[in-house]
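These notes are about the structure you will find just below.
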C-alpha cells in the first residue's frame, strides 16, 4: 500500500488517479495532519509526496517518516517542480529517499514506483533471510554445544562404572584367593551394580536412537493400573531399600498400553524423585480420574523443586538442570524418552514445581475400563490437592 500526499492534484493528473489506472493500491491523505497520522501505519510500504516546495509541514512529515524508516526500512519518493536537492540531500542523506524533479511524466513515475517497491521487497527478503540465518546459526551453535556437553557427560558416565568394575573385580580376585567369601560376594555385588548402571546407560542410548529413527517397538495389551503401580514401586524399592514410597490409588482402572514401557516411565519419575529429594522424606505415588476418561498418575517428592525458568526444558533431549548436573549422574535423556513413550500412548505429561516445595511429575493415559464400584475414599492428601493439580 502506497501513502500519497499530493498538493498539486489536478483531475486525472492526480497521483491517486494515475496509480488507480495502473492498479497500484494507494491511499491519499487530504491534509498534512492526516498524512502525519497515517505515516505511522505499518501497512504503508512507500510514501510519495508531491509539492511545489518542501515547507515546514512537509519537513515535519519527512522527519517522522525518516525516524520510522530506520526501524522499518521504508522508502519515500519526493516529487517537485523546483530544485531543492541540496536542502533535502543534506538533511536526509542517511535515509532511503528518492527524488523526481521537473515535469512529471507518468511512465517515468510508474517505473520509479515499481522499482522502489521491488527494492523494498528485495530488502525485506534480505532482512527476513538474514534473521532466519542468524536464528539457524544460533540454533546450530546451541546444538553443537549440547552435543559436546553430551559427549563429555557420556564419556564420564561410561568410564566411571567401568573403572569401578575393574577395581571391584581386582579386589574380589584377591579376596577369593584369600578365601574370604563374604568380602568376595560383597565386592562382586558392587561390581554387578555398576554393570547394571552401564546397562541402563546403554538402554537409554539405544532407546534414544530408536525414537529418533522411529523404530521404537511397542506391545499393547490391557492391564490393571494398581498392579502396574505396585510392581513398579517394588522394583524401585530394591535399589532404594531405605526410602519410603507410598501409593495412593483408590480406584480400579484398566489401561491399554505397553506395560513395560510405561513401567520405564514411572521408574524414571520415581528414581528422579528419590535422587533429588532428602533421604528422610517420602515419595508419594497417587492417581486421579479426570472426566472418567483419563487416568492421571502423579509422583510427588519433597525436594528442592525446579526453578520456573528451567521447567519448560525438563523434557527436552540431553537437558540437565545446572544445579544438579554436577551432583547427580545421568545423560539427560530419561525424561525425553518418557515424554516420547507417553506421546505414543496418546497421553499427556508434565510437571508442577515450586522452589523449596518439591515437584509433581505426572502423565495422563486414556482409560480402557473403570470399575466404579471399586472406588474408595481418597486420602486426605489427595483431597487437599489444588484444582490446578487435579485438572491438568
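The values are calculated or read from the model by the stated rules, or taken from the named source; none is laboratory data. Since we're looking at a predicted model, the values are computed, not measured. Cβ placement follows ideal geometry from the backbone for every residue including glycine, while neighbour counts extend to all protein chains displayed.
Of the listed requirements (1) part of a strand (DSSP E or B); (2) farther than 29 Å from residue 342 by Cβ, residue 255 misses just one: (2).
When residue 197 is tested against (1) modelled with pLDDT of 80 or more; (2) within 31 Å of the chain's Cα centre (by Cα); (3) over 17 Å from residue 366 (Cβ atoms), only condition (1) is not met.
Take segment 122-150 and flag every residue that is within 30 Å of residue 15 (Cβ to Cβ) and modelled with pLDDT of 80 or more. Lay out the reasoning, then the answer.
Taking segment 122-150 and keeping what is within 30 Å of residue 15 (Cβ to Cβ), we get 122-128.
Listed by number, the residues that qualify are 122, 125, 126, 128.
Can you pull out every residue in segment 6-43 that is modelled with pLDDT under 80 and not in a helix (DSSP H, G or I)? Selection gives 7, 8, 9, 10, 30, 31, 39, 40, 41, 42, 43. Just one of the listed residues (265, 253) is over 30 Å from the mean Cα position of the chain (by Cα), surrounded by 14 or more Cβ atoms within 10 Å (Cβ to Cβ) and under 21 Å from residue 347 (Cβ atoms), and it is 253.
Say whether the condition of being under 21 Å from residue 261 (Cα atoms), part of a strand (DSSP E or B) and either touching a helix residue (DSSP H, G or I) at 6+ places or on another chain (Cβ under 9 Å) or at pLDDT 95 or above (or both) is met by at least one residue in segment 300-309. Can you show your working first?
Our first condition is that a residue be under 21 Å from residue 261 (Cα atoms); within segment 300-309, this holds for 300.
Subset that is part of a strand (DSSP E or B): 300.
Next, from what is left, pick out any that are either touching a helix residue (DSSP H, G or I) at 6+ places or on another chain (Cβ under 9 Å) or at pLDDT 95 or above (or both): 300.
Scanning segment 300-309, I find at least one residue that is under 21 Å from residue 261 (Cα atoms), part of a strand (DSSP E or B) and either touching a helix residue (DSSP H, G or I) at 6+ places or on another chain (Cβ under 9 Å) or at pLDDT 95 or above (or both), so the answer is yes.
Please state which one of 229, 274 is touching a strand residue (DSSP E or B) at 6+ places or on another chain (Cβ under 7 Å), at pLDDT 95 or above and outside any strand (DSSP E or B). Only one candidate passes the filter, namely 229.
Filtering segment 243-252 to residues that are in a loop (DSSP other than H, G, I, E, B) and modelled with pLDDT of 90 or more leaves 243, 244. Condition check for residue 186 on (1) under 30 Å from residue 279 (Cα atoms); (2) outside the structural domain of residue 332 (by TED's automatic domain parsing); (3) modelled with pLDDT under 85: one failure, at (3). For segment 217-238, the set of residues classified as in contact (Cβ under 8 Å) with a residue 24 or more places away in the chain, closer than 15 Å to residue 285 by Cβ and either in contact with a helix residue (DSSP H, G or I) (Cβ under 8 Å, 6 or more places away or on another chain) or surrounded by fewer than 14 Cβ atoms within 10 Å (Cβ to Cβ) (or both) consists of 228, 229, 231, 232, 233, 235, 236, listed by residue number. Scanning segment 98-129 for residues that are without any contact (Cβ under 8 Å) to a residue 60 or more places away in the chain, in a helix (DSSP H, G or I), more than 49 Å from the chain's Cα centre (by Cα) and surrounded by 11 or more Cβ atoms within 10 Å (Cβ to Cβ) yields one hit, 108.
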